[in-house]
Amino acid sequence: MVLVRKPGTGWDDAWARCLALAPEAFRDDRVLNLWAGGWQPDGRPLPATSPVDGSPIAGAPRLDHATAHRAVRACLDQHRAWRHVPLEERRARVAATLDALTEHRELLALLLVWEIGKPSRLAQADVDRAIDGVRWYVDGIGPMLAGRAPLDGPVSNIASWNYPMSVLVHAVLVQALAGNAVVAKTPTDGGVACLTLACALAAREGLPVTLLSGSGRELSEALVRAPEIGCVSFVGGRDTGAAVATAVTDLGKRHVLEQEGLNTWGIWNFTDWAAFTAVVPKLFDYGKQRCTAYPRFVVQRELFDEFLTAYLPAVRRLRVGHPLAVADPADPLPELDFGPLINAAKAKDLTDQVAEAVDRGAVPLHRGSPADARFLPGQDTSSYVHPVTLLNPPPSSPLHHAEPFGPVDTIVLVDTEAELLAAMNASNGALVATLSTDDEATFARLAPQIRAFKVGHGTPRSRGDRDELFGGFGASWRGAFVGGELLVRAVTRGPAGERLPGNFPEYQLMP
């Protein structure tokens, strides 16, 4: 079967629509930065390619640190004006922004397909979660702000590339709704066009949004350390997060730092294998490029044969390929579990890690084949990694202790409950975990000893929406917890001496 790209879904098609819809933010060959209330043709655009097929797309216009500082100072001026705008007017402007995002949701999702490789279904879900989540705050923000005030300076947002809408845009809009001006840095690896369009729609409604592009080295001084910044919100890896954590701690700055952890799924005295088989493909959504992915299974040794009988058929049915490839131009877009990784360099790095782990003793239990994937004839496939499952990665391998951020599962066998807990707590804190066990009492006894913010009983946990709280233990989180009312509290000032729920150097306070 020869596949074709569905007509009307090309990058050129999406770009032309952006130029027509938001000419203030897009030029023929680049996007602009948004600061001081206008779109600025500054910064040096870098070349970029789509992970989908290696074709050229718009790159980020990278600013230098001096321009970033000017932008942050201008954002403070916006903040001082916006904090006095009545709540009802803020609600009306944010609601109007959500209406505009809803009107153009399909284009926003198509940009995500090209820029970060999300299958259409998952790209659309990212857009819809942002819209629906912020609407919940628009409807219920009043009681959350009782007795609270905006921060003294704007909120700075530095986020990873994997959820531009449901994490970054969602946070920006809620922060503005709470009375703050906001600065957002476009992720280095992708999402600049989608974020530019979203911010263009927000700026038209008068929201005090600043959108900047640049390397972390150039912009960190302005976005993290600048005295104008009232709060730093960071989503990303532990290495970068550690540097941000040191800076904000030294400065005594309000912060929310969501970092990676090795999220684990434990199997102990368990028999409901049909339910487990059904959930395995869902764990591969977006190729496990999620902060709440489960790349590690910790399995009771005597259940290993039953585990494989349930697990392997599900992994073999995973659907991988070009997110826009169809057999007939009239066909709907394909229902895929995942497409490419974020770029070819990440794909090579992960493939090398797998090869090294096998060389050092890991046992390959499953390797997906390119022959089973859906690709266009002759397309570049360098960003694609097919599912891999390894038994017992060696302690010297990064796959033993760190999140792979790709479709690689590792399995560790244990014989005792103590070994189970030690293996599930391998990364000094995680965001989520799950324990599959038939006995409620066993779950109630073991779950509190698993160092994850959320622990599911036989079901996966997620970041959550609306009133669901989110945070992390150990090195997976620094600063205030978020979600529901806690997100508003994290970006507003309460009574004197208030201790926010969160994981801080001087204390840890659970909600």
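Computed from the coordinates by the stated procedures, all read-outs in this text should not be read as laboratory data. Owing to the predicted nature of the structure, the values given are computational and were not obtained by experimental measurement. Neighbour counts run over all protein chains shown; Cβ positions are idealised from the backbone, glycine included.
At-a-glance table
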item	result
Between the stretch 398-471 and the stretch 261-328, the alpha-carbon center distance in angstrom	14
log10 of Debye I(q)/I(0), alpha-carbon scatterers only, for the stretch 27-156 at 0.16, 0.17 Å⁻¹	-1.11, -1.19
Calculated FRET value between D132 and A92, using beta carbons and R₀ = 22 Å, to 0.05	0.75
Distance in nm between pseudo-label sites at N428 and A20 (7 Å out along the Cβ direction from Cα)	5.3
Cα Rg, Dmax (largest Cα-Cα span) when computed across the stretch 251-330, Å	17.8, 58
Extension reserve of the R70-E302 stretch, reckoned as 0.36 nm per residue once the Cα distance is removed	77.3 nm
Full-stretch length increase - D415, R27 - with 0.36 nm per residue and alpha-carbon distance subtracted	133.6 nm
Percent antiparallel among DSSP beta bridges (both partners in the chain, rounded to 5)	35
FRET efficiency, D12 to H401 (Cβ-Cβ, R0 41 Å, nearest 0.05)	0.40
Dimensions (Å) - the stretch 285-399, Cα atoms, principal axes, largest first	50, 31, 27
Karplus (6.51, -1.76, 1.60) ³J(HN,Hα), θ = phi - 60°, over the stretch 394-411, in Hz, Gly and Pro reported as x	x, x, 6, 8, x, 5, 6, 10, 10, 6, x, 6, x, x, 10, 9, 10, 10
Charge context of I229, other residues only, Cβ under 11 angstrom, K/R +1, D/E -1	+1
Cross-link pairs beyond the 32 Å C-alpha cut-off, checked among K6/K454; K185/K282; K185/K454	K6/K454
Proximal charge balance of E335 [Cβ under 10 Å; K/R count +1, D/E count -1]	+1
Sites S382 and D239 - FRET efficiency at Förster radius 30 Å, r taken between beta-carbons, to 0.05	0.75
Length added when fully stretched, A81-S215, from 0.36 nm per residue minus Cα-Cα	45.3 nm
Normalised per residue, the volume of the convex hull around the Cα set of the chain (Å³)	144
